[in-house]
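The values are calculated or read from the model by the stated rules, or taken from the named source; none is laboratory data. It should be emphasised that the depicted structure is a prediction, and the values quoted were computed from it without experimental measurement. All Cβ positions, even for glycine, are placed from backbone atoms using ideal geometry, and neighbour counts span all protein chains on display. Areas reflect the complete protein model, heavy atoms only, side chains present, ligands, DNA and RNA absent. Shrake-Rupley method; radii C 1.70, N 1.55, O 1.52, S 1.80 Å.
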Amino acid sequence: MITVLCAHADERPPDLGELPVELRHCDAAGLADAVRGAQVLMLWDFFSTAVRDVWRYADALEWIHVTAAGVDTLLFAELRRSDVVVTNAHGVFDRPIAEYVLGAILAHAKDSRRSLELQRERQWLHRETRSVAGATAIVVGTGGIGREIARLLRAAGLEVRATGRTERTDPELGDVLASADLAAHVGWADHLVLAAPLTDATRGLVGAEVLAAMRPGSHLVNIARGPLVEEDALLEALRAGRIAATLDVFDAEPLPPDSPLWSAPGAVVTAHMSGDVVGWRETLARQFVDNANRWLSGQPLLNVVDKQLGYIRADLRADGGNR
């Protein structure tokens, strides 16, 4: 039996009907009943925190699949201590998010926001813009998404450095800096890209110290999780005109209408959509079906998350990444 948690009971993932199992679809209100007796729980509503509330009813659960790259909203102490396996949607969002980041960097370098403002004002104002070739970027996070971002930025001519949990030499990324030392290195970069999972170590990583150390006129891109950045310190940096920012994730989502980030100078706001290209739902469903067929046939599951770390360990991931 597989229980599928949806944001709304009628918003179901496509193409699960081919699985030779009983499927139960529910929303958060019906999860307590639907999870009883289920061996598998698929979180189609991947930001839901309802699993913690119904954990005592999960009497047969063996596997939880999260249809997202980050699992921070799922993990809680009882689940971490249990034998329940957690998998994620590793690989689905790598290229789309990398394209979003490249687009954000290009838009910043070419002053696209100002061009749109001038167009609305019907003003013809010739300006010079910057090239991305030869620009510098630090990518925080060396998992699949961070690696794809680094590859695409390098293909566009940027010089890229990466930071991760530990300082080391990586065969693909080169010398990886420790994220804990970000403030000491961020002044080198024209662009700071956040692509790390939300963990105790990364929460508040970009605070007042890092923001103050950023190069004047540089650009922050956050496609990871909102709490990696201290929003009050970011607002201060934006209002002072020290940096610009492209933000796809926030502490509170949806971003409240009265949030000052909507109108902060130099900020571009998007609705947590950096990885959501046409067909993404079908890709997520197909990934789950493939893994479910492995589970049904007794094969090892793919994309198994280390519940203590909060992400997939390097030795369990085909791309060899380690955030």
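General remarks:
- Subset of the range 303-323 (residues that are among the small types (Gly, Ala, Ser), at pLDDT below 85 and within 16 Å of the chain's Cα centre (by Cα)): 321
- Leading residue by the ranking (least open to solvent (accessible area, probe 1.4 Å)) among those in the range 80-98 that are within 13 Å of residue 276 (Cβ to Cβ) and in a loop (DSSP other than H, G, I, E, B): 89
- Count of the range 1-20 residues which are under 22 Å from residue 83 (Cα atoms) and in contact with a strand residue (DSSP E or B) (Cβ under 6 Å, 6 or more places away or on another chain): 4
- Wholly within the range 126-193, strands (runs of 3 or more DSSP E) carrying at least 2 residues that are among the small types (Gly, Ala, Ser): 159-164, 174-178
- Top-ranked residue of the range 213-238 - restricted to ones that are assigned to a helix (DSSP H, G or I) and among the charged types (D, E, K, R), ranked as farthest from the chain's Cα centre (by Cα): 236
- Selection status of residue 101, under 19 Å from residue 288 (Cα atoms), among the aliphatic types (A, V, I, L, M) and either assigned to a helix (DSSP H, G or I) or within 24 Å of the chain's Cα centre (by Cα) (or both): no
- Test for residue 43: is it open to solvent by less than 10 Å² (accessible area, probe 1.4 Å) and touching a helix residue (DSSP H, G or I) at 6+ places or on another chain (Cβ under 7 Å): no
- Taken as a whole, the condition of being among the small types (Gly, Ala, Ser), open to solvent by less than 30 Å² (accessible area, probe 1.4 Å), closer than 22 Å to residue 244 by Cβ and under 17 Å from the mean Cα position of the chain (by Cα) applies to residue 146.
- Count of the range 9-27 residues which are within 25 Å of residue 56 (Cα to Cα) and in contact with an Asp or Glu (Cβ under 7 Å, 6 or more places away or on another chain): 1
- All of 161, 165 fail the test of being open to solvent by 40 Å² or more (accessible area, probe 1.4 Å), in contact with a Ser or Thr (Cβ under 9 Å, 6 or more places away or on another chain) and touching a residue at least 40 places away in the same chain (Cβ under 8 Å), apart from 165.
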